[in-house]
1. Using a Förster distance of 30 Å, how high is the FRET efficiency between Ser103 and Ser168, based on the Cβ-Cβ distance and rounded to 0.05?
2. Starting from the Cα of Arg230, move 7 Å in the Cα-to-Cβ direction to define the label point; list residues of the range 177-201 whose amide nitrogen is under 15 Å from there.
3. Gain in length, Leu2 to Lys37, computed as 0.36 nm per residue apart minus the alpha-carbon separation, to one decimal in nm?
4. Can you sort His32, His97 by 1.4 Å-probe accessible area, starting with the largest?
5. Can you give the extra length, in nm with one decimal, that the chain gains between Gln92 and Glu149 once fully stretched, where that is 0.36 nm per residue apart less the Cα-Cα distance?
6. Taking H as built 1.01 Å from N, whose amide H comes closer than 5 Å to the amide H of His97, not counting residues under 5 places away?
7. Give, as a single signed number, the net charge of other residues whose beta carbon lies under 9 Å from the beta carbon of Ser135, with Lys and Arg counted +1 and Asp and Glu -1.
8. Rounded to the nearest 0.05, what FRET efficiency do Glu23 and Glu187 have when you use their Cβ-Cβ distance and R0 = 22 Å?
Amino acid sequence: MLPGPIPRHVAIIMDGNGRWANERRLPRPFGHRAGMKAVREAVEGAIDAGVEVLTLFAFSEENWNRPALEISALMDLLEEYIAREVAELRDQGVRVHVLGDRSRLTAGGRAAVERVERETAAGEKLSLNLCISYSSRGEIARAARLLAEEVLKGTKKLEDIDEEAIRSKLYTAPWGDPDLLIRTSGEQRLSNFLLWQLAYTELYVTPVLWPDFNRRTLRDAILDYQRRERRFGKVTAS
Ligand code: FPP
């Protein structure tokens with residue numbers, strides 16, 4: 001067990017699969033395959049540490065612009081991950097949700113996503129959110145659209161559209177904001193991930209490439225988080 005406060009919700013931008021493969025002179029999909037193992041490390045490390053919610057950025061809307069071969073390798077991996085891990089995730093008490101525009105997935109991908117959500121629905125130890133075909137600006141635009149529809153229907157008043165109303169329409173509404181965001185591979189940007197939700201989140205960037213991520217990396221991130229002073233815009237009591 002780690003001393004000190006454990007971040008309830010950890011989000012991760014899993015980056016560096018391509019570089020990991022390049023360093024080994026392997027095609028990029030090999031990096032993604034190695035990245036799948038790191039997902040397992042992150043899930044088990046989160047359970048061990050007592051994290052309650054883990055939100056992983058697996059595929060962005062912008063990633064649809066990658067070469068077709070890489071996209072299909074990633075989609076195949078997602079289906080493989082679900083087929084291989086669903087029983088273990090259920091046994092570990094993990095409840096999986098997929099966040100993003102799933103209408104763009106193949107029929108097989110959608111079926112796999114529905115299966116993992118259905119078969120892990122009783123999990124109470126860790127909520128695992130996989131962001132797939134996700135973009136934060138798209139998510140906020142969707143929230144605005146959903147609220148506008150309610151106003152047009154007359155079920156919501158214009159003056160009731162406040163921060164809470166927007167929050168309630170985000171994919172992440174059930175889980176609250178992340179306490180800690182980890183980004184691997186050293187890049188210092190948010191890449192259209194959880195822009196609304198990260199307003200007061202502690203950021204941790206590690207040079208570790210995603211396929212090399214393991215429980216120790218997660219532990220280091222949590223230890224670093226425990227040294228932070230979170231003020232949420234207020235001053236410290238003295
Ligand atoms: C970023 O690395 C990673 C991705 C675009 C895909 C993430 C996918 C996985 C970790 C594997 C499958 C995941 C699940 C949930 C089954 P990059 O390709 O942008 O790396 P680079 O910046 O070094 O090129």
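1. According to the calculation, E is roughly 0.90.
2. Output list for this probe position: 177-182, 197-201.
3. Details: separation 35, 0.36 × 35 = 12.60 nm, distance 2.34 nm.
Computed gain between Leu2 and Lys37 is 10.3 nm.
4. His97, His32
5. Details: separation 57, 0.36 × 57 = 20.52 nm, distance 3.94 nm.
Gain in length upon complete extension: 16.6 nm.
6. Leu128, Asn129, Leu130
7. Spelling it out: positives minus negatives among the neighbours equals -3.
8. Between Glu23 and Glu187 the formula returns 0.85.
The values are calculated or read from the model by the stated rules, or taken from the named source; none is laboratory data. In this text, all values refer to a predicted model and were calculated from it rather than measured experimentally. Glycine also receives a Cβ, built like all others from the backbone with ideal geometry; neighbour counts cover every protein chain displayed. Calculation scope for accessible area: heavy atoms of the full protein, side chains included, ligands and nucleic acids excluded. Shrake-Rupley method; radii C 1.70, N 1.55, O 1.52, S 1.80 Å.
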